[in-house]
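Engineer: Quick one: structure below, then a few questions.
The values are calculated or read from the model by the stated rules, or taken from the named source; none is laboratory data. Note that the coordinates shown come from a computational prediction; the quantities given were computed from them, not determined experimentally. We place every Cβ from the backbone using ideal geometry, glycine too, and count neighbours over all the protein chains shown. Each accessible area value is taken on the protein alone, full model and side chains, heavy atoms only, with ligands, DNA and RNA left out. Shrake-Rupley method; radii C 1.70, N 1.55, O 1.52, S 1.80 Å.
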Amino acid sequence: MNYRPHTVGSQPEYLHEAYQSTRKRSPLQPLVRLPPGCTEASGPVFSPQHTPPIADMSKTADGREAAGQRIVVAGRVTDEDGRPVANTMIELWQANAAGRYDHPGDTHDAPLDPNFPGLGRVFTDHDGCYRFMSIKPGAYPWRNHHNAWRPNHIHFSLFGPGCASRLITQMYFPGDPLLALDPIYNSIPDTEARRRLISTFDIELTLPNYALGYRFDLVLRGARATPFEGA
Amino acid sequence: MASATSQQTIGPFWHGHAEKVWCDLTRFGGDTGGRRTLTLTGCITDGDGALVTDACIETWQTSPPVSDTFPGWGRCATDAEGTFRIRTFIPEDHPRQAPHIAVLVHARGLLKPLLTRAYFANHPMNERDPVLQSIDPDRRTTLLARPVGEGRWQFDIRLQGEGETVFFEI
């Protein structure tokens, strides 16, 4: 497999000064390009049998409701040529409605919600579509700079066909005033690529009297159709 | 053509998905042909030599062949000592490349994953492996896990600076 190079500006660089944690963690040496067809062109396949879906994060397995605004999130996963990425696992994690993660390292003094572990897992169907229920995550402070607050976001992790298509990203919400101030969101040079991380409010997806709907489509890196095309 | 969705950091709070069993690729036992197991341990440090205690390591190997009894894929969080530990089977010999395990590093401060490879020091195929041989000899050792006991190999990862690990792109 010969993967397409990334579109210029669509991906962050490792070093993004405004995001302070990158300063000591970004490599200084140039990366070395691996040959096509390498080990990394393939990757793990997960199945719902081994890793059961958790498609409703808005309540516990025994039905206790998490605090917060219920949301339903749906979208489609395709590759760069528009082909659906079927049966791929999507891992999800997020803060609770008060902006606190159920994680020992999160020291923000907002309340924990015993009914919200904040973890989800869904699989795309044959057409690349996925859907899950949750609650809208809260914004939270972090120590990157004075008065730094992360915008509301949900973490997404996908594998696709291989290590080369591995994607970890964050879904943001429309109209969030914190986006313009966020170094992580702004680490993506291209304005349009950045904007695609913002989900779209969708009244058709919205469940009457129950949950607001947001649409979020994802594109995984694709292979060139033939190994030498455009090389 | 659409361009691929932008990467964003995994952040420090992903650990809910670090299921303990995923550190052990031998958990299904089965027909791996009596192949020897190995424990790959490594410490991750940053440009100041500080321990990276919030990283997620993912490993991928296609040999022995991925099957119902061998997932090929592992995930491990680093602990308070910045250390990860993966238990797996020793990769098979291949006519054209040295045995290796692909390693993806995710962490707070990494806006996209870092990809490297663990080869095995002193393996005779290392001298003929095209990827390993393409690396400046001064830096090649950063890709070699070193033996530290029976079936135990150490593969430290330096994200930045002196002794910086060689990282790859595809």
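Engineer: Which order do you get for A:VAL8, B:VAL21 if you rank them by accessible area with a 1.4 Å probe, largest at the top?
Structural biologist: So the residues, ranked largest to smallest area, are A:VAL8, B:VAL21.
Engineer: Taking the mean number of other Cβ atoms within 10 Å as a proxy for protection, how do you rank B:83-96, B:121-134 from highest to lowest?
Structural biologist: Working: B:83-96: 17.3, B:121-134: 14.5.
So the order, starting with the most tightly packed, is B:83-96, B:121-134.
Engineer: Would you calculate the volume per residue, in Å³, of the smallest convex hull containing every Cα atom of chain B? It would help to have the intermediate numbers written out before the result.
Structural biologist: Working: hull volume 25.5 nm³, N = 170.
In chain B, the Cα hull volume divided by residue count equals 150 Å³.
Engineer: For segment B:100-170, what is one quarter of the convex hull surface built on the Cα atoms, given in nm²?
Structural biologist: 5.5
Engineer: Which of the peptides A:105-117, A:68-80 is most tightly packed, and how do the rest follow, judged by the mean count of other Cβ atoms within 10 Å per residue? Walk me through the intermediate numbers first.
Structural biologist: Numbers: A:105-117: 15.2, A:68-80: 20.5.
Listed from highest to lowest mean packing, they are A:68-80, A:105-117.
Engineer: Here's something else I'd like to know. What distance in nm lies between label points placed 7 Å from Cα along the C-beta direction at A:LYS59 and B:ASP68?
Structural biologist: For the pair A:LYS59/B:ASP68, the computed spacing is 3.6 nm.
Engineer: Given the Cα atoms of segment B:61-118, and with Rh set as the inverse mean 1/r over their pairs in the Kirkwood sense, what is Rg to Rh to two decimals?
Structural biologist: On the way: Rg = 13.4 Å, Rh = 13.2 Å.
With Rg and the Kirkwood Rh in hand, the quotient comes to 1.01.
Engineer: Antiparallel as a % of all DSSP beta bridges within segment B:44-170, to the nearest 5?
Structural biologist: Details: 21 of 25 bridges.
Around 85 percent of the beta bridges assigned by DSSP in segment B:44-170 are antiparallel ones.
Engineer: Share of Cα-Cα pairs in chain A beyond 23 Å, in percent?
Structural biologist: Numbers: 14315 of 26565 pairs.
Result: 54 percent of Cα pairs exceed 23 Å.
Engineer: Per DSSP H run of at least 4 residues, take -39500 (n - 2.57); add these up for chain B, divide by its residues and hand me the 222 nm value, nearest 500 deg cm²/dmol.
Structural biologist: Working: 2 runs with 8 residues, N = 170.
That comes out to -500 deg cm²/dmol.
Engineer: Another one. Where nothing but the Cβ of Lys and Arg (+1) and of Asp and Glu (-1) is charged, how large is the charge dipole of segment A:40-219 around its Cα centre, in debye to the nearest 20? Please report the intermediate quantities before stating the final value.
Structural biologist: Values: 16 positive and 21 negative charges, 52 e Å.
Value, rounded to 20: 260 debye.
Engineer: If you stretched the chain out fully between A:ARG215 and A:ALA67, how much longer would it get, using 0.36 nm times the residue separation minus the C-alpha to C-alpha distance?
Structural biologist: Values: separation 148, 0.36 × 148 = 53.28 nm, distance 2.18 nm.
Value of the extension gain: 51.1 nm.
Engineer: Need one value for B:160-169: mean number of C-beta atoms belonging to other chains within 10 Å of its residues' C-beta atoms. If you can, show how the numbers build up before the last one.
Structural biologist: Numbers: counts 10, 4, 1, 0, 3, 2, 5, 6, 7, 10.
Counting other chains' Cβ atoms within 10 Å and averaging over B:160-169 gives 5.
Engineer: Put a dot 7 Å past each Cα toward the Cβ at B:GLU127 and B:ARG85; how far apart are the dots in nm?
Structural biologist: Reported label-point gap for B:ARG85 and B:GLU127 is 3.5 nm.
Engineer: Would you calculate the separation in nanometres between label points at A:ARG23 and A:LEU181, each defined as 7 Å from the Cα along the Cα-to-beta-carbon direction?
Structural biologist: In this crude spin-label approximation the distance works out to 2.1 nm.
Engineer: Of the beta bridges DSSP finds with both residues in segment A:94-218, what % are antiparallel, to the nearest 5?
Structural biologist: On the way: 12 of 13 bridges.
So the antiparallel bridges in segment A:94-218 amount to around 90 percent.
Engineer: Mind jotting down a quarter of the surface of the convex hull over the alpha carbons of the protein assembly as shown, in square nanometres, one decimal? Numbers along the way, then the final one.
Structural biologist: Working: hull surface 80.7 nm².
For the protein assembly as shown, averaging the hull's shadow over all directions gives 20.2 nm².
Engineer: Same structure again: Averaged over peptide B:69-76, how many Cβ atoms belonging to another chain are found within 10 Å of each residue's Cβ?
Structural biologist: Working: counts 0, 0, 4, 5, 6, 1, 1, 0.
Taking all residues of B:69-76 together, the mean is 2.
Engineer: Given an 8 Å cut-off on Cα distances and at least 6 residues of separation, report the relative contact order of segment A:1-108 as a percent. Present the calculation step by step, with values, prior to reporting the outcome.
Structural biologist: Working: 47 pairs, mean separation 18.5, N = 108.
Relative contact order of segment A:1-108: 17 percent.
Engineer: Can you list the residues, at least 5 places off or on another chain, whose amide H is less than 5 Å from the amide H of B:LEU38, using H built in the peptide plane?
Structural biologist: B:THR88, B:PHE89, B:ILE90
Engineer: Can you give the average number of partner chain beta-carbon atoms within 10 Å of each beta-carbon in peptide A:159-168, as a whole number? Could you put the intermediate results ahead of the total?
Structural biologist: Working: counts 3, 1, 0, 3, 10, 3, 2, 9, 7, 13.
Mean partner shielding for this stretch: 5.
Engineer: Sticking with this structure for a sec: Name the lysines eligible as straight-distance cross-link partners of A:LYS136: C-alpha to C-alpha under 30 Å, and not fewer than 8 places from it in the same chain.
Structural biologist: A:LYS59, B:LYS20, B:LYS112
Engineer: Tell me the relative contact order for segment B:1-119 as a rounded percent, counting alpha carbon contacts under 8 Å between residues six or more apart. Walk me through the intermediate numbers first.
Structural biologist: Numbers: 234 pairs, mean separation 38.5, N = 119.
Rounded, it is 32 percent for segment B:1-119.
Engineer: Over the protein assembly as shown, what is the percentage of antiparallel beta bridges among all DSSP beta bridges, to the nearest 5? Please list the in-between numbers first.
Structural biologist: On the way: 60 of 79 bridges.
Given both bridge residues lie in the protein assembly as shown, the antiparallel proportion sits at roughly 75 percent.
Engineer: Further, regarding this structure: Mean separation of Cα pairs under 8 Å and 6+ residues apart, divided by the residue count of segment A:40-219: what relative contact order is that in percent? Walk me through the numbers on the way to the answer.
Structural biologist: Working: 406 pairs, mean separation 49.7, N = 180.
Relative contact order, segment A:40-219: 28 percent.
Engineer: Ordering B:LEU144, B:LEU111 from largest to smallest accessible area (1.4 angstrom probe), what's the sequence? Don't jump to the answer; show the numbers that get you there.
Structural biologist: On the way: B:LEU144 50, B:LEU111 0 Å².
Heavy-atom accessible area, descending, gives B:LEU144, B:LEU111.
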